[in-house]
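The values are calculated or read from the model by the stated rules, or taken from the named source; none is laboratory data. What you see is a predicted model; the values in this text were computed from it and never measured. No Cβ is skipped: glycine too gets one built from the backbone with ideal geometry, and neighbour counts run over all protein chains shown.
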């Protein structure tokens, strides 16, 4: 799990162009959207593609993203549960 | 300020190649959404769209063009619709001096259909370089001017999905400032892989026939088309004894200033656009007989547009419909396509239905028009809202 | 119709950002491509906003911020942008992703930022400006169309303060494409040699130039836009002449009132001959200038010419390198005519006058 969390942080920094951030700057349990990292609905769509491209998991309804992408940890848990 | 009226119109959409055909489809509830057959895309069979059922060669032949390769599909639509508008509002009245006739056109992706075909070639050699400039948004405007013999003011606007309402507005202002006697105003957009995939990444394309203003809506269907209207001052029109189709009695442009794609939660930009257009017309909200909504079928647009309508018109919300289930979302052309539908509503005193409606959106205090119906229609509001928060509305009145 | 220039923000291949310094010293470039000298964007854009922005967008937002500050205005009454090409960097990114991955695994960011109205829209979001917002996209007359809209609005309400822009970016790919298409001179040493080559093509450039314009008098005003008009594919030089004649006379001026003619000469032989014929016939005694050796050729380069003209009127001085016919303006420069055209297709006339 911790390995996956670390990997996700690197991937997120890359796809969302968080140029000035290091993986260590992102708290695994803090909210990614709103008050936390400050991501928005477009970032959520970028993360949906990341899941599909890198982990083979397809999300059909963007509304499901809200729960899955709450934090890095919830994302990692979702991937672990759904990866074939 | 002088009164500006509409004296001509031309249109090509998935439901017809001219005004009469579009009207026939509207009253017989015949829509144009179906499997993609003309656009070359790997999404064929998976995502439906409202295509115009003519190949580029067939479109070119309709405009008497012998070298169709040099014309983008966007331009070919534009030529057909602008020519119809020109014929119905200008040449029919034997007006030959077009020195003071302006073109105000609009498009969102210009000649993207050629660019996506030749892009890698462009980068490698000069083999297809002759098409490079067909990418520009002004390519269609310039070719329309060539076709109609216009050589003065020639404008191209691009404000995403609200583009052609802004073209109409700009045209009206040219007339009011005495900078033109007549303006052909509208827009054109062909379906492209670029827009189809773009909207697909936003996950706002319905994989079935779209359901605007419905609780179960799943997104929009893209369409393609072009439409133009002829604008002039009421004095100029009566000087030539013209048939006046309607008056453009109000218009406004506002910006939602909230997010690049999402509308603000209460639809503040749409509210400002409708309110501004109403204020200019001097009409009260309860004098509006029909609202042709932007109504794309996306979760966000329909919810917020409805809230803005509610804020202005409640408790007497006039009949509302989105005609996008007929034509699909024709992007830059949408505003002028729906302006023409609004003019037809006034002319025939008919309200066009919002196809596929089943269940009211919970937050809305109204249901859209379910069936074709006769009504007294004096004033119509039509809306177009776009990416970048560009929101525009018109008020059209019976003359 | 007229409007005072109240504020300026200019990102160009010259040292124009500072505005206080007039480019007496020309920034020299080798080859056929000029690039903007970019400011420190952090002054105007937060990192979280910056992460998705293309270069065009960063230039646009920063030049807008600089311009509003110069005018002493927080938010304008309208945002009106001219851009010939719009957002090329994001358009190319999305297009390449479609073509390279067979329409799979695409993400939305570059698509939503590829729309032509992105610069105007972003400024509106950043300033929370709900007012009028429009974008004009008509090749080399995009800026003039935005200017025409601005002048109409100011006639409708002289108290409005409008943010008016001309912006186009030259990406590497678009440079390659247009170079393949023969737009640019192959054998030129640099921008200082632009008019010395008798050949086709020009040198490529870019810029993000913003003005705050208003109908109100103000001690900080630079100059006054006193008119703009365009015409398309004139049938002959006679027709071009009559357009120019009418443009000048309808503003209540005579030919000798034009103290400086700024042409869009860009080194392309055929195109430059249009200017030469008009200049010799209509303006034989008028000091005549060009500007595209300073900013390169691009669709909204006439915004750079407007900036140059406004600075000449404001300061009374001009860079020596712009004069092409040996005649120099004597005394105060009161009226400047800017004439720009491409391939004898879209022609534009802009009149700049003292306040």
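Take the conditions (1) away from every other protein chain (no Cβ under 14 Å); (2) surrounded by 20 or more Cβ atoms within 10 Å (Cβ to Cβ); residue C:199 misses just one of them, which is (2).
From the list C:173, C:139, C:103, the one residue that fits, being in the same structural domain as residue C:13 (by TED's automatic domain parsing), surrounded by fewer than 24 Cβ atoms within 10 Å (Cβ to Cβ), within 22 Å of the chain's Cα centre (by Cα) and on the phi > 0 side of the Ramachandran plot, is C:139. Going residue by residue through region B:324-345, is there one that turns out to be more than 15 Å from the chain's Cα centre (by Cα) and in the same structural domain as residue B:283 (by TED's automatic domain parsing)? Yes: one or more hits.
Candidates B:216, B:187, B:198: the one that is closer than 24 Å to residue B:261 by Cβ, without any contact (Cβ under 8 Å) to a residue 24 or more places away in the chain and either in a loop (DSSP other than H, G, I, E, B) or in contact with a helix residue (DSSP H, G or I) (Cβ under 8 Å, 6 or more places away or on another chain) (or both) is B:198.
If the condition is being at the interface with chain C (Cβ under 7 Å from one of its Cβ atoms), surrounded by fewer than 24 Cβ atoms within 10 Å (Cβ to Cβ) and not in a helix (DSSP H, G or I), then region B:99-135 contributes B:125, B:126.
If you check C:31, C:7 for being in contact (Cβ under 8 Å) with a residue 24 or more places away in the chain, touching a helix residue (DSSP H, G or I) at 6+ places or on another chain (Cβ under 6 Å) and more than 14 Å from chain A (Cβ to nearest Cβ), only one passes: C:7.
Could you tell me whether residue B:170 is buried (at least 18 other Cβ atoms within 10 Å of the Cβ), within 9 Å of chain C (Cβ to nearest Cβ) and under 19 Å from the mean Cα position of the chain (by Cα)?
Values: buried (at least 18 other Cβ atoms within 10 Å of the Cβ): yes; within 9 Å of chain C (Cβ to nearest Cβ): yes; under 19 Å from the mean Cα position of the chain (by Cα): yes.
So residue B:170 passes the test.
Looking across region C:220-250, the residues that are within 14 Å of chain B (Cβ to nearest Cβ) and farther than 24 Å from residue C:292 by Cα come down to C:235, C:236, C:238, C:239, C:242, C:246, C:250. Taking the conditions (1) surrounded by 15 or more Cβ atoms within 10 Å (Cβ to Cβ); (2) in contact with a helix residue (DSSP H, G or I) (Cβ under 7 Å, 6 or more places away or on another chain); (3) part of a loop (DSSP other than H, G, I, E, B) in turn, residue B:75 satisfies each one other than (3).
So which of A:20, A:3, A:81 is within 11 Å of chain C (Cβ to nearest Cβ), more than 25 Å from residue B:262 (Cα to Cα) and surrounded by fewer than 17 Cβ atoms within 10 Å (Cβ to Cβ)?
A:20
Taking the stated definitions as given, is residue B:253 within 14 Å of chain C (Cβ to nearest Cβ) and within 18 Å of residue B:168 (Cα to Cα)? The answer is yes for residue B:253. Residues in region C:114-130 that are part of a loop (DSSP other than H, G, I, E, B), touching a helix residue (DSSP H, G or I) at 6+ places or on another chain (Cβ under 8 Å) and either surrounded by fewer than 21 Cβ atoms within 10 Å (Cβ to Cβ) or within 7 Å of another protein chain (Cβ to nearest Cβ) (or both): C:115, C:117, C:129, C:130. Residue C:217 - would you say it is at pLDDT 95 or above and away from every other protein chain (no Cβ under 14 Å)? In short, yes.
Just to check your reading of the model, which residue among B:283, B:303, B:248 is at pLDDT 95 or above, out of contact with any helix residue (DSSP H, G or I) (no Cβ under 9 Å at 6 or more places or on another chain) and not in a helix (DSSP H, G or I)?
Matching residue, one of B:283, B:303, B:248: B:283.
Conditions tested, residue by residue: (1) free of Cβ contacts under 8 Å to residues at least 12 places away in the same chain; (2) assigned to a loop (DSSP other than H, G, I, E, B).
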site	(1), (2)
C:266	no, yes
C:270	no, no
C:277	no, no
C:280	yes, no
C:307	no, no
